[in-house]
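Below you'll find the structure, written out as structure tokens, and then a few comments.
The values are calculated or read from the model by the stated rules, or taken from the named source; none is laboratory data. Since this is a predicted model, take the numbers as computed values, not measurements. All Cβ positions, even for glycine, are placed from backbone atoms using ideal geometry, and neighbour counts span all protein chains on display. Note: areas computed on protein heavy atoms with side chains; ligands, DNA, RNA excluded. Shrake-Rupley method; radii C 1.70, N 1.55, O 1.52, S 1.80 Å.
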Amino acid sequence: MSKTLFDKIWDAHVVSTVENGPTQLYIDRHFCHEVTSPQAFNGLRARGLKVFRPELTTMTADHNTPTIDQDKPVKDPISRNQLDTFAKNAAEFNMPLYYPLGHDKNGVVHIIGPENGFTQPGMTIVCGDSHTSTHGAFGTIAFGIGTSEVEMVLATQCVLQTRPKTMRINYNGKLGPGVSAKDLALYTISKLTTGGATGYFVEYAGEAIRNMTMEERMTVCNLSIEMGARGGMIAPDETTFNYVKGREFAPKGAEWDEKLAYWKTLKSDKGAKFDLELDFDAADIQPMITYGTNPGMGMGIQESIPTLDQIDEAGRISFQKSLDYMGFQPGEQLLGKQIDYVFLGSCTNGRIEDFRIFANYVKGKKKADNVVVWLVPGSWGVEKQIREEGLLDIFTQAGFLLRQPGCSACLAMNDDKVPAGKYAVSTSNRNFEGRQGPGARTILAGPLVAAAAAITGKITDPRV
Amino acid sequence: MEKFVTLTSTVVPLPIENVDTDQIIPARFLKATNKEGFGDNLFADWRYNKDGSPKADFVLNNPVYGGNILVAGKNFGSGSSREHAAWAIDGYGFKVVVSSFFADIFKNNALNNGVLPVVVSAEFLAEIFDGANKDPKLTLTVDLENQTIKNNANGKSESFEINSYKKECLLKGLDDIDYLLSKRELIEAYEASRK
């Protein structure tokens, strides 16, 4: 029988099925960070349990960490306690893959996973973080879990999951110049809405996806959760294999050959049935920005915010509440609007290619005086590349500073908070109320639109 | 986990769509290392002014509304996977959340903490909002055994879906982890089969 890519990986990881209930799924790689894990370790302690397979969990501190002075003690005592607890748990449970602040493998969990070769095709991957979908770019089943489930994985290397429905989205043709993977994702979410893929696992396919680098594919899969999907995935191909090969934790020698032969079978068969299949033309996609307080409220940078009569009646109160928060009017165009902050970074757009795009645009130009810009690499690996490729010199000459790795202003648990009422053009993944600080107003965009905003101080079409 | 069988309660209506987990519990409150106390910061940015005083226009601060059932607009719990959102709802005292649509991860997290998400039709939801607006003493009865929810103001009831395994867990107060730990041999056999 014809199988989808999803079916193949799922079926290979079924340990048992609960009668009339969920599937017991084996997990190949568990990523763990300081914010969603302490209560899970507490749970193990309370039950007198050990970690079942410590070598299958990779631990990094990223969410609640400063992006300056990481060599000094963390100032906020509550944050410091959380990081100390993380260290204590790693030691007490004998976790071999623990990367604290300052470690050369430390960084945003969804960036260090692929970077070090932990993420490999065909795997099941979980993390107490909804953007775990990022790893789907390698042809994996990767999804976010809650802390109770983190405890289950630590205790048994399994989770109980209901099999989701499958959706395939095909992007036909090529993306236009100046249009990025982030734009493709924001465009898709704007069409499907934030709940449009709830209950589904999405496979991204088509020419525009095939043409993407691994980093671009990670950006697309990263944002799957923003339309409610359990996860997103892309069939592995030569681009994938070339990326994985030679990385520290990737298979080597005969094991590589064996794995590669299996990975080449990981694609949806001809005639495989999806519960839903959608098609988009890549050429229709423009550089995108969001105007509201969820990632589905996005539009082409040249377009105008919808008017009230374009919104269905049940949603009007929420729509108006959202625009009131943003300080925008229905029907307004945002091009030329003055902004205050720019954030380049996060698991969505904190990889080297994002910094190259930004550097390429700002080279020989000067940062706008009215804008505060945070450039936050996703990992020390990315930071090193920024230096080695000479991008740091370009940033310095244009008036930008480079910060240290972490999730930073994406969720603003640290000091990187956008003040109330201020506008931030952000390459992160969520424009929810208060996401980047209480009262902060977030406009999501790709790295190129962010670069243009950093130079002009306004919302600017980078293609013009 | 606490058992859940049946509940009759007044409701707290929140007729907003797409309530994300950053609204339920903002990220700056996620620095704790235990599960207690999150209820105090449930909906913090909608509930409190900058100086910590309550915002009079937010429903949790309106003394006419109360009870153990939160009723919210569609797509409740979207966004971050933080289980702290479920801990905050549970910690505040809600045992049931009613909406016409829930985000997946939130739904799982709620069930893993003994909080029952009940999906109702858009019409049923609209009638609760209307009814509670007219009479804040409106009550709902949620019966897990029979999988029904009744609006006691107009007498209408609906049945709701729940996975039979999860239903059993809630009725008996069992955690998933108890089940998984009982399957240790199967897990080891699976691992051996892949080598």
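Just a few scattered comments:
- Within the range A:281-304, the set of residues being touching a residue at least 40 places away in the same chain (Cβ under 8 Å), open to solvent by 30 Å² or more (accessible area, probe 1.4 Å), in contact with a strand residue (DSSP E or B) (Cβ under 8 Å, 6 or more places away or on another chain) and not in a loop (DSSP other than H, G, I, E, B) comprises just one member, A:D281.
- Qualifying residue in the range A:136-153 (condition: open to solvent by less than 10 Å² (accessible area, probe 1.4 Å), among the polar types (S, T, N, Q), touching a helix residue (DSSP H, G or I) at 6+ places or on another chain (Cβ under 8 Å) and closer than 19 Å to B:L111 by Cβ): yes
- Criterion violated by A:V74 - all others in (1) open to solvent by less than 30 Å² (accessible area, probe 1.4 Å); (2) under 22 Å from A:G144 (Cβ atoms); (3) within 13 Å of chain B (Cβ to nearest Cβ) satisfied: (2)
- Qualifying position, being in a loop (DSSP other than H, G, I, E, B) and surrounded by 24 or more Cβ atoms within 10 Å (Cβ to Cβ), among A:P419, A:P438, A:P462, A:P405: A:P405
- Hey, B:N34 at positive phi and either within 9 Å of another protein chain (Cβ to nearest Cβ) or assigned to a helix (DSSP H, G or I) (or both) or not: no
- Looking at A:Y361, A:Y325, A:Y341, just one residue is modelled with pLDDT of 95 or more and within 14 Å of chain B (Cβ to nearest Cβ), and that residue is A:Y325.
- Members of the range B:154-182 that are touching a residue at least 24 places away in the same chain (Cβ under 8 Å), open to solvent by 50 Å² or more (accessible area, probe 1.4 Å), not acidic (D, E) and not in a helix (DSSP H, G or I): B:N154, B:K156, B:L174
- Scanning the range A:305-351 for residues that are touching an Asp or Glu at 6+ places or on another chain (Cβ under 6 Å) and not in a helix (DSSP H, G or I) yields A:I305, A:R351.
- Note on the range B:10-40: residues that are out of contact with any helix residue (DSSP H, G or I) (no Cβ under 7 Å at 6 or more places or on another chain), crowded, with 18+ Cβ neighbours inside 10 Å and not β-branched (V, I, T) amount to 5.
- Restricting the first member to the range A:401-419 and to residues that are within 12 Å of chain B (Cβ to nearest Cβ), and the second to residues that are among the basic types (K, R) and buried (at least 24 other Cβ atoms within 10 Å of the Cβ), the beta-carbon pairs closer than 9 Å and six or more apart or on different chains are A:C410/A:R430; A:C410/A:R435; A:L411/A:R430; A:L411/A:R435; A:A412/A:R435.
- Identification of strands (runs of 3 or more DSSP E) wholly contained in the range A:1-102 with 2 or more residues that are closer than 30 Å to B:E168 by Cα and at pLDDT 95 or above yields A:14-17, A:23-26, A:29-32.
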